[in-house]
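Enquirer: Here it is, the structure in full.
The values are calculated or read from the model by the stated rules, or taken from the named source; none is laboratory data. Quick caveat: nothing in here was measured; it's all calculated off a predicted structure. With ideal geometry, Cβ positions are generated from the backbone for all residues, glycine too; neighbour counts draw on all protein chains shown. Surface areas here come from the heavy atoms of the whole protein model, side chains and all, with no ligands, DNA or RNA. Shrake-Rupley method; radii C 1.70, N 1.55, O 1.52, S 1.80 Å.
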Amino acid sequence: MTVSPGVFHPGFFFSTRLVCKFLETQNLERRKFLELGSGSGFLSIVAARMGALVTACDINPNAVNDTRLNAQSNKVHLDVIESDLFNSIPQQTFDWIIINPPYYPADPKSDEQHAWYCGLHHQYFEKLFGSMNRYITPESKILMVLSDVCDMEKIKAIALQHHWTFDKILEKNVWADGKNYLFWIRALE
């Protein structure tokens, strides 16, 4: 896999493996699949190999380039878009949306920092939860991975303001005192 400096590296973080193992238990055949924040494209490639119709997007132009190169070298088709969340994604609905979000509360000062920082006041989540409903149907599945080092209560509160809720699928110990959590994100009725 090509992973340029400053692009989220899937091999270094447990969150990617957690999502990957879960996806491998799902039926993605012919499903419209969106990965928000694709990094090097690893999860998008996994989904495409499972038969999904994949759109991968990232705000970082280096990540977008890496995703394209990795799709070519893995001989899978991905629609790859440089986009700040949904800004440049044509209006459509997806069966699956996968999100491994940035969650450290600081303002990103470079393309690379968007992989880590969600804005001092968690603006990433305001924008995500404020716009996601236009890209789903009632049957869409939205999957998000978070770590216990983030301000989960703040993120859940922002989601709730926009009429979204979290259902925990699983939690996994990732180091001596750390955990990753996998959530379904559901629209409130």
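Enquirer: Go through segment 31-78 and name the trypsin sites (Lys or Arg not before Pro) that are in a DSSP coil and have 11 or fewer other Cβ atoms within 10 Å of their Cβ. Provide the component values of the computation, followed by the final result.
Expert: On the way: sites: ARG31, LYS32, ARG49, ARG68, LYS75; in loops: ARG31, LYS75.
Sites meeting the loop and neighbour criteria: LYS75.
Enquirer: Taking +1 at the Cβ of each Lys and Arg and -1 at the Cβ of each Asp and Glu, which of PHE183, GLN92, PHE22 sits farthest along the dipole of the chain towards its positive end, judged by Cα position relative to the Cα centre?
Expert: PHE22
Enquirer: Can you pull the one-decimal nm distance between simple spin-label points at LYS109 and HIS77, each 7 Å off the Cα toward Cβ?
Expert: Those two pseudo-labels are separated by 4.3 nm.
Enquirer: Pop out the ³J(HN,Hα) list for segment 138-144 in order, Karplus 6.51 cos²θ - 1.76 cosθ + 1.60 with θ = phi - 60°, rounded to Hz; leave Gly and Pro as x.
Expert: Using θ = phi - 60°, the values come out as x, 8, 4, 10, 10, 10, 10 Hz.
Enquirer: Between LYS168 and THR137, with labels modelled 7 Å along Cα→Cβ, what's the label distance in nm to one decimal, could you check?
Expert: Those two pseudo-labels are separated by 3.2 nm.
Enquirer: Then there is this: Using the Cα centre of segment 33-184 as the reference point, and only Cβ charges (+1 on K/R, -1 on D/E), how large is the resulting charge dipole? Debye, rounded to the nearest 20.
Expert: Values: 12 positive and 18 negative charges, 60 e Å.
Roughly 300 debye, rounded to the nearest 20.
Enquirer: Alpha carbon centre of segment 17-94 versus segment 135-181: separation in Å?
Expert: 20 Å
Enquirer: Scale the Cα Rg of the chain by the rule-of-thumb value 2.2 N^0.38 Å and send over the ratio, two decimals.
Expert: Details: Rg = 15.3 Å, N = 189, 2.2 N^0.38 = 16.1 Å.
Cα Rg divided by the expected 2.2 N^0.38 Å: 0.95.
Enquirer: In sequence order, what are the phi-derived ³J(HN,Hα) couplings for segment 83-96 according to the Karplus relation 6.51 cos²θ - 1.76 cosθ + 1.60 with θ = phi - 60°, rounded to whole Hz, with x for glycine and proline?
Expert: 7, 8, 6, 8, 3, 10, 8, x, 4, 5, 10, 10, 7, 9
Enquirer: Quick check for you: with a 1.4 Å probe and neighbouring chains kept, what is the accessible area per residue of segment 1-160, in Å²? Walk me through the numbers on the way to the answer.
Expert: On the way: 7420 Å² over 160 residues.
Value returned for segment 1-160: 46 Å² of accessible area per residue.
Enquirer: Subtract the Cα-Cα distance of MET152 and LEU188 from 0.36 nm times their separation in residues, and report this length gain in nm to one decimal. Walk me through the numbers on the way to the answer.
Expert: Working: separation 36, 0.36 × 36 = 12.96 nm, distance 1.83 nm.
Gain in length upon complete extension: 11.1 nm.
Enquirer: Using the Karplus equation 6.51 cos²θ - 1.76 cosθ + 1.60 (θ = phi - 60°), what ³J(HN,Hα) coupling, rounded to whole Hz, does each residue of segment 114-123 give in order, writing x for Gly and Pro?
Expert: Coupling constants for segment 114-123: 5, 6, 10, 9, 9, x, 4, 10, 6, 4 Hz.
Enquirer: Okay, moving on. Over 31 Å between C-alpha atoms is what I'm after, so list which of LYS127/LYS179; LYS75/LYS168; LYS21/LYS156; LYS109/LYS179; LYS21/LYS127 land there.
Expert: Values: LYS127/LYS179 26 Å; LYS75/LYS168 34 Å; LYS21/LYS156 24 Å; LYS109/LYS179 28 Å; LYS21/LYS127 28 Å.
Long pairs (Cα-Cα over 31 Å): LYS75/LYS168.
Enquirer: Run lengths n ≥ 4 of DSSP H only: what is the helix-derived mean residue ellipticity at 222 nm for the chain, with -39500 (n - 2.57) per run over all residues, to the nearest 500?
Expert: Values: 5 runs with 50 residues, N = 189.
Computed mean residue ellipticity for the chain: -8000 deg cm²/dmol.
Enquirer: Taking the Cα centre of segment 40-103 as origin, work out the dipole magnitude from +1 charges on Lys and Arg Cβ and -1 charges on Asp and Glu Cβ, in debye rounded to 20. Let's see the in-between values first.
Expert: Details: 3 positive and 6 negative charges, 53 e Å.
About 260 debye.
Enquirer: Please tell me the relative contact order of segment 1-153 in percent, rounded to the nearest whole number, where contacts are Cα pairs under 8 Å and at least six residues apart.
Expert: Values: 294 pairs, mean separation 34.0, N = 153.
22 percent.
Enquirer: Classify segment 99-189 as rounded, prolate or oblate, taking a ≥ b ≥ c as the square roots of the eigenvalues of its Cα gyration tensor: rounded when a/c is under 1.5, otherwise prolate if a/b is larger than b/c and oblate if not. Write out the running numbers ahead of the final one.
Expert: Details: a/c = 1.86, a/b = 1.15, b/c = 1.62.
Oblate shape, in that a/c is at least 1.5 and b/c is the bigger or equal ratio.
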